[in-house]
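Asker: Below is the structure I would like to discuss, written out as structure tokens.
The values are calculated or read from the model by the stated rules, or taken from the named source; none is laboratory data. These figures come from a predicted structure and were not determined experimentally. Positions of Cβ are backbone-derived with ideal geometry, glycine not excepted, and every protein chain shown enters the neighbour counts.
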Amino acid sequence: RRTNQASHTCPHPNCNKSFTRPFNLRAHMRVHTAERPYKCDTCALAFSRLHDRNRHAKLHTGIKPFECQYCHHQFIRPDALRRH
């Protein structure tokens, strides 16, 4: 059984963030650098996290699957619909 103790701490001064997995610490470290290894194939915008690049890529499809039931405005992401 795994414990949720955050044993991987960011070494950057004054950050003090800790993570349970080394993968999450590595991803977090990009916050402190200019490293953005994930580039959009369409517009070449770069991201530090793959998840953010994948979310961005949906903008280029033109598909808007989330629709307001009241005004029928459509959105690419569900969080945009919730904010609406």
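Asker: Any idea which of His32, His12 is over 28 Å from Arg77 (Cα atoms), surrounded by 12 or more Cβ atoms within 10 Å (Cβ to Cβ) and not small (Gly, Ala, Ser)? Please lay out each step first, then the result.
Answerer: Details: His32 fails: over 28 Å from Arg77 (Cα atoms).
So the residue among His32, His12 that is over 28 Å from Arg77 (Cα atoms), surrounded by 12 or more Cβ atoms within 10 Å (Cβ to Cβ) and not small (Gly, Ala, Ser) is His12.
Asker: Can you work out which of the residues in region 25-60 that are among the hydroxyl-bearing types (Ser, Thr, Tyr) and at pLDDT 95 or above is nearest to Pro13 (Cα to Cα)? Break it down into steps so the answer makes sense when it comes.
Answerer: Taking region 25-60 first, the residues among the hydroxyl-bearing types (Ser, Thr, Tyr) are 33, 38, 42, 48.
Next cut, at pLDDT 95 or above only: 38, 42.
Values: Tyr38: 26, Thr42: 36 Å.
Checking each candidate, the answer is Tyr38.
Asker: If you don't mind, there's one more thing I want to ask. Only one of these conditions is not met by Glu67: (1) closer than 22 Å to Asp79 by Cβ; (2) loosely packed, with under 11 Cβ neighbours inside 10 Å; (3) of a type in the set (Asp, Glu). Which number is it?
Answerer: Only one criterion in (1) closer than 22 Å to Asp79 by Cβ; (2) loosely packed, with under 11 Cβ neighbours inside 10 Å; (3) of a type in the set (Asp, Glu) is unmet by Glu67, namely (2).
Asker: Return the residue satisfying two criteria in turn: it lies in region 1-58 and is acidic (Asp, Glu) and in contact with a helix residue (DSSP H, G or I) (Cβ under 9 Å, 6 or more places away or on another chain), and of such residues it is nearest to Ala80 (Cα to Cα).
Answerer: Residues of region 1-58 that are acidic (Asp, Glu), as a first pass: 35, 41, 52.
Filter once more, so that each one left must be in contact with a helix residue (DSSP H, G or I) (Cβ under 9 Å, 6 or more places away or on another chain): 35, 41.
Values: Glu35: 28, Asp41: 23 Å.
This residue is Asp41.
Asker: On the basis of being of a type in the set (Gly, Ala, Ser), out of contact with any Phe, Trp or Tyr (no Cβ under 8 Å at 6 or more places or on another chain) and surrounded by 11 or more Cβ atoms within 10 Å (Cβ to Cβ), does Ser18 make the cut?
Answerer: yes
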